[in-house]
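Working notes for the structure below.
The values are calculated or read from the model by the stated rules, or taken from the named source; none is laboratory data. Keep in mind the model is a prediction, meaning the values are calculated, not measured. Every residue, glycine as well, gets a Cβ built from its backbone with ideal geometry; the counts of neighbours run over all protein chains shown. For the accessible areas, the whole protein counts, side chains as well, though only heavy atoms, and no ligand, DNA or RNA atoms are used. Shrake-Rupley method; radii C 1.70, N 1.55, O 1.52, S 1.80 Å.
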Amino acid sequence: MKKSFYSLSILLLSACSSEPADQPVTATAAQQRDLSKNFSDINPDSLYVYSVANTEDKNYKFVGKVLDSSVISIFPYYIRNDERWNREFFGCYKFAIDTSHIALITRVPGEYVSSSLQLFIYDIQRDSVTVQIDLADLWGDAGDFAEHSSCIFYSPDKELKILSYYWSSYDRSVEQETEGDTLIEYWDDFLLRGLSKNPGDTLSKDSAGIVKNYSAMLKNMPHY
C-alpha cells in the first residue's frame, strides 16, 4: 500500500523548533525590503491553506511571487537543494509570530510541480529559517491520491494554532494487483499543532476529539 507518501510519522519529522531569542531584535532594512517585496502581509486568523492542480491559476490564492536565490538561501539546506523536476519557489504571505520571528508561507517544489505549501519561521537575529511546518499539498499517481490542507487560527486564549487534515485514497483497480479488485480505500488523519509557543509542536492527534471540537473548520477543507 502506498499511503506512506502522507504518513503522519514522516510529516511530523519535518517540523522542528528552536528557542526564541533572549531579547527582541529588529530586522535590518535589507531584510525588511526583501520580505516585503516577496511576501504580502496577511492576517493569520482563520487562514485556510490548500493546494490545487493548476498552481498558475490567477484565481489561486497561493500563486505567490517567484523567489530569487537571495531569499531561498535562508531556507533549510534540504529544502533549497532538493532534487525535483521543478525547482521554483514562490513567496506568498507573511505575518509576525513575535518581535523576533516572522512566518513565511511559501510554495515550494512538490512531487511534480511547486504544489507544496510550507510555513517557514524566519529568525531575524539568526537571519535564517529555524522552523518548517507542512501546510498543504496535492499529489496523485497510479491509483494513489493524497491531499493535505490546513487552517491557521487564534484559539480563545489568543494562541496561534494550526489544524491540518490529511485525506488519501488508493484505487486498487488501477494497477490490477488482484484481478477484478475494484476496491477504493480511503484514509483520514488529523493533527493540531501549536504556533505561538514552540512552533510545530503537536498538541493533539486525537481524531475523535479534533473532529468534535473543530468540525466547522474542517468542513471548509477539501474532501472532508
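How much of Arg126 can a 1.4 Å solvent probe reach, expressed as accessible area in Å² and rounded to 10?
140 Å²
Can you give the accessible area per residue of segment 111-224, in Å², using a 1.4 Å probe?
46 Å²
Kindly report, to the nearest 10 Å², the accessible surface of Tyr170 as traced by a 1.4 Å probe over protein heavy atoms only.
Answer for Tyr170: close to 0 Å² accessible.
What part of the accessible area of segment 185-224, given as a whole %, is carbon or sulfur when the probe is 1.4 angstrom?
46 percent
How much of the accessible area of segment 86-141, probe 1.4 Å, is carbon plus sulfur, in whole percent?
Whole-percent figure for carbon plus sulfur exposure: 45.
Ratio to report: Rg/Rh of segment 92-208, with Cα atoms as the point set and Rh obtained by the Kirkwood method; give two decimals.
My calculation of the ratio gives 1.09.
Would segment 103-165 count as rounded, prolate or oblate if I go by the C-alpha gyration tensor, calling it rounded below 1.5 in a/c and otherwise prolate when a/b exceeds b/c, oblate otherwise?
Judged from the Cα gyration tensor, segment 103-165 comes out oblate (a/c at least 1.5, b/c at or above a/b).
Dipole magnitude of segment 99-224 about its Cα centre, charges +1 at Lys/Arg Cβ and -1 at Asp/Glu Cβ only, in debye to the nearest 20?
The calculation lands at about 960 debye.
Ranked by accessible surface with a 1.4 Å probe, highest first, in what order do Trp139, Trp187 come?
Output order, biggest surface exposure first: Trp187, Trp139.
Filter the cross-link list Lys37/Lys94; Lys61/Lys212; Lys65/Lys219; Lys65/Lys94; Lys161/Lys219 down to pairs whose alpha-carbon distance in this structure exceeds 21 Å.
Lys61/Lys212; Lys65/Lys219
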